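This report concerns only the one structure given below.
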Amino acid sequence: MSIEVKNLLKEYGEQKAVNNISFKVDKGEIVGFLGPNGAGKSTTMKIITGYLSQTSGEAYVCGINVTEEPLETKKKVGYLAELNALYYDMYVREYLGFVAEVHKIENGKSKIENIIETVGLKPEARKKIGQLSKGYKQRVGLAAALLHDPEVLILDEPTSGLDPNQIVEIREVIKQQGKNKTVLFSSHILQEVEAMCDRVIIINKGEIVADDKLSTLQNTGKEQQSVRVAFKEDVEIDMLNSLSGATGIKNIQHSMFNVQCSNAELVKKQILQLAIDKNLNIVSLQSDTNSLEDIFRNLTASKE
């Protein structure tokens, strides 16, 4: 287990910023940590990284108790804070060199060049950090978080200040890192979460209100779901009659069908297998589900 939080509580006087929450994140997972402003996201992340102490409960990173061994925890974690604290008078390479020395990284210069390339900093690498745009400052913070090749990445609003093209680039960096690391990140850009995550945790007023696979949350509350499929070849409606769980099939237009069902994911898997068995080419395959924005609003708006 790369991240484990047990009964975590953080109080400020009478206010409970984080109220007895528990969750686990495995290696290779990219998990979106969502919630309104003030919900407790950043507080939880700071506790996991050892930058803030909890009132009670426990947090573990790679099996290490964060409170008991904070320095060992920091060796395992790459952390990009929401307020990306940087030394504006330092040059980009100079700053990353400083970070490399803090972590006692061997072959620091070559690793700095590799990470500059990875996060797309090369065009601005000769500048002072204070001369960079907000988006490139964010890339410097991400580079610093990745430089020591941590097992766990904690990213608080990693795409803040980036333009649409930069967001796509950083999204790909995070997805690549997520193949062999554990990634927990927060974002208010819900489309980014949908693009990167299979699982989301939603926190509201210090309490977890959802923790599940995105596909499961999207289908929650929908007694009747639908799947739309279009084939390249000529396909008759009778070919879809074997679909288990289908309650109705309608031919929308030539070789395009709408399938009413109780489990959209199951029907989509069957359609894919049917295409393989019958040597068919699928032009499009999509299900009618709740958007992450709908889910977020439903779970958080009622408690405002």
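Observations
- With Cα atoms, 0 to 90° folded angle of helix 92-102 axis to the chain main axis: 80 degrees
- Within straight-line cross-link reach of LYS127, lysines at Cα separation under 23 Å, skipping those fewer than 8 residues along the same chain: LYS109, LYS111, LYS137
- Residue with peak Gaussian network fluctuation, the chain [Cα springs, cutoff 10 Å], from SER287, SER215, SER244: SER244
- Across all Cα atoms of the chain, the radius of gyration (one decimal) and Dmax (whole number) stand at 22.7, 70 Å.
- Charge dipole of the chain about the Cα centre (unit charges at C-beta), most positive-ward option of ALA230, VAL61, ASN219: VAL61
- Antiparallel beta bridges, as assigned by DSSP with both residues in the chain, represent about 70 percent of the total such bridges.
- Compared with the dominant principal axis of the Cα atoms in the chain, helix 164-177 is inclined by about 90°.
Computed from the coordinates by the stated procedures, all read-outs in this text should not be read as laboratory data. Model, not experiment: these values are computed from the prediction. Glycine gets a Cβ as well: all are built from the backbone with ideal geometry, and neighbour counts include every protein chain shown.
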